[in-house]
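Here the structure comes first, spelled out in structure tokens, and everything after it is commentary.
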Amino acid sequence: MTTGKGDILQWPKGRLDFSSGCLVMGILNVTPDSFSDGGQFFDPDTAVAHGLQMAGEGAAILDVGGESTRPGSEPVSAAEQIRRVVPVVETLTQRSHVPISIDTKNVQVARAAFDAGAAILNDVTALVDDRMAELVAAAEVPVVLMHMQGTPETMQKEPHYSDVVGEVLAFLLDRARRAESFGIPAERIFIDPGIGFGKTLKHNLLLLRHIDRFVATGYRVLVGASRKRFLGTLTGRDVAAQRIFGTAATVALCVAAGVSVVRVHDVAAMCDVVRVTQAVVKADAG
Ligand code: HH2
């Protein structure tokens with residue numbers, strides 16, 4: 001299958017250059033309760049400063065979110081998410097050229113963020129809301145479609161699959177085609193297996209082991225394994241911020257498999273990991 005994806009992704013509000021390979025998306029959680037950095041960037045000025053720092057460190061996209069989706073988290077109202085993210089998106093858009101993505105499943109929040117300058121939608125429900133698909137098509141922005149089994153409140157209770165890779169892949173292909181039926185071009189669609197979203201350790205490992213099958217669909221692939229709990233399980237590191245080397249291992253594997261974007265907290269370190277892995281991958285070329 002081909003999606004006509006090339007090295008350059010250009011749309012009315014932004015441009016991403018994939019000619020060097022994988023790009024880094026920096027995570028900016030404007031939340032009091034995110035699993036690894038909750039409360040750290042809740043103040044708008046601190047959030048903006050952190051966003052600008054990540055842009056300076058090499059982030060090609062800044063992913064701003066006002067609602068934690070960690071296991072067990074509860075939904076945050078649209079009004080509260082808007083209050084958290086809009087000032088941050090507005091200021092970052094004025095002060096940086098890096099495209100901002102808005103991490104939300106709520107159509108009102110997405111609309112407010114686009115009006116404030118956000119240029120990409122990151123939807124952990126893969127456009128389950130038709131109004132969101134219509135909004136993305138009308139706004140002519142790229143979209144990340146993520147797989148999740150269950151909801152954040154319940155997803156880690158008893159995740160079950162008979163073939164996790166096949167089922168997640170089939171779901172994402174179905175959602176991507178549905179997005180296309182709303183008029184969203186294939187080249188603007190990113191698919192994401194949703195590491196940690198309704199998955200056991202084994203499920204996460206299988207998805208990473210076979211991430212090349214997602215790349216082979218022709219859609220661009222985004223992976224967000226940064227600091228997640230399964231890395232703590234494997235390394236014995238309970239403190240999320242100490243899972244940086246575990247994260248690095250996943251980033252290197254993703255780059256080697258042809259993933260287009262890695263979503264991470266530790267931008268400077270992961271840019272180094274991407275650069276070195278990419279250089280090895282391309283060593284035979286030219
Ligand atoms: N993971 C998180 C949030 N959003 N979006 C995509 N596309 N893929 C992911 O893997 C993903 C995501 C969870 O990480 P984080 O934002 O650090 O934590 P929290 O949800 O607690 O804010």
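The values are calculated or read from the model by the stated rules, or taken from the named source; none is laboratory data. Only a predicted model underlies this, so the values are computations on that prediction, with no experimental measurement involved. All Cβ positions, even for glycine, are placed from backbone atoms using ideal geometry, and neighbour counts span all protein chains on display. Note: accessible area is taken over every heavy atom of the protein model, side chains too, but ligands, DNA and RNA are not part of it. Shrake-Rupley method; radii C 1.70, N 1.55, O 1.52, S 1.80 Å.
Observations on the structure shown:
- Placing +1 on the Cβ of every Lys and Arg and -1 on the Cβ of every Asp and Glu, with no other charges, gives the chain a dipole of roughly 500 debye about its Cα centre.
- Considering only alpha-carbon pairs that sit under 8 angstrom and 6 or more positions apart, the relative contact order computed for the stretch 9-281 is 20 percent.
- Cross-link pairs K157/K202; K202/K228; K105/K202; K5/K202; K5/K228 - those with Cα-Cα distance over 25 Å: K105/K202; K5/K202; K5/K228
- Spacing of the two label points (7 Å from each Cα toward its C-beta) at Q10 and T233, in nm: 4.5
- Within the chain, antiparallel bridges make up roughly 15 percent of the DSSP beta bridges whose residues both belong there.
- The share of alpha-carbon pairs in the stretch 85-131 lying farther apart than 13 Å comes to 49%.
- Using the Cα coordinates of the stretch 210-253, the gyration tensor eigenvalues translate into equivalent-ellipsoid semi-axes of 25, 9, 8 Å, sorted from longest to shortest.
- Length-normalised contact order of the stretch 1-55 in % [C-alpha pairs under 8 Å, at least 6 apart]: 21
- Cα gyration tensor shape of the stretch 9-281, rounded if a/c is under 1.5, else prolate or oblate by comparing a/b with b/c: rounded
- Accessible-area order (highest first, 1.4 angstrom probe) of the listed residues K228, K105: K105, K228
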